[in-house]
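Here's the structure, in structure tokens; my notes come after.
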Amino acid sequence: MSEPTAPGRGGDELLARLLGPGTPELTCEECFEVLDAYVELAIAAEPADERVPGMRAHLEGCPACTEEYHSLRALLAPEEGGGPR
């Protein structure tokens with residue numbers, strides 16, 4: 001599983017960020033409700049994006065939730081260094 005990242009400052013990437021995701025995404029409130037389950041799925045190498053639709057799109061566009069994701073992942077899988085796979 002790849003890490004949720006914010007796009008760079010390139011023209012196409014900036015435009016994509018301004019337009020938002022092409023798929024449905026969760027709100028911050030919905031994200032926080034299922035973030036623990038999403039992280040547990042990711043750590044277990046389960047299909048987290050399939051089981052929690054919209055989470056990846058939200059994490060790619062929300063720095064606050066992405067920070068929470070990294071913190072929770074570091075807490076639950078310290079041997080991985082907190083980075084998602």
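On the given criteria, is residue 79 at pLDDT below 90, part of a helix (DSSP H, G or I) and under 13 Å from the mean Cα position of the chain (by Cα)?
No: the conditions fail for residue 79.
Just checking, which of 48, 64, 37 is on the phi < 0 side of the Ramachandran plot, modelled with pLDDT of 95 or more and touching a helix residue (DSSP H, G or I) at 6+ places or on another chain (Cβ under 6 Å)?
Going through 48, 64, 37 in turn, just one is on the phi < 0 side of the Ramachandran plot, modelled with pLDDT of 95 or more and touching a helix residue (DSSP H, G or I) at 6+ places or on another chain (Cβ under 6 Å): 48.
Residues are listed down the side, and each one gets a yes or a no for (1) in contact with a Gly (Cβ under 8 Å, 6 or more places away or on another chain); (2) part of a helix (DSSP H, G or I); (3) among the aliphatic types (A, V, I, L, M):
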site: 26; (1), (2), (3): yes, no, yes
site: 32; (1), (2), (3): no, yes, no
site: 36; (1), (2), (3): no, yes, no
site: 42; (1), (2), (3): no, yes, yes
site: 46; (1), (2), (3): no, no, no
site: 50; (1), (2), (3): no, yes, no
site: 58; (1), (2), (3): no, yes, no
site: 64; (1), (2), (3): no, yes, yes
site: 67; (1), (2), (3): no, yes, no
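Just name the residue that is modelled with the lowest pLDDT out of those in the range 1-34 that are more than 21 Å from residue 75 (Cα to Cα) and of a type in the set (Ser, Thr, Tyr).
In this case the residue turns out to be 23.
Taking residue 65 and the conditions (1) surrounded by fewer than 14 Cβ atoms within 10 Å (Cβ to Cβ); (2) under 17 Å from residue 76 (Cα atoms), which numbered condition does it fall short on, given that it satisfies the others?
It is condition (1) that residue 65 fails.
The values are calculated or read from the model by the stated rules, or taken from the named source; none is laboratory data. These numbers come from a predicted model, not from an experiment. Note that we place each Cβ from the backbone using ideal geometry, even for glycine, and neighbour counts take in every protein chain shown.
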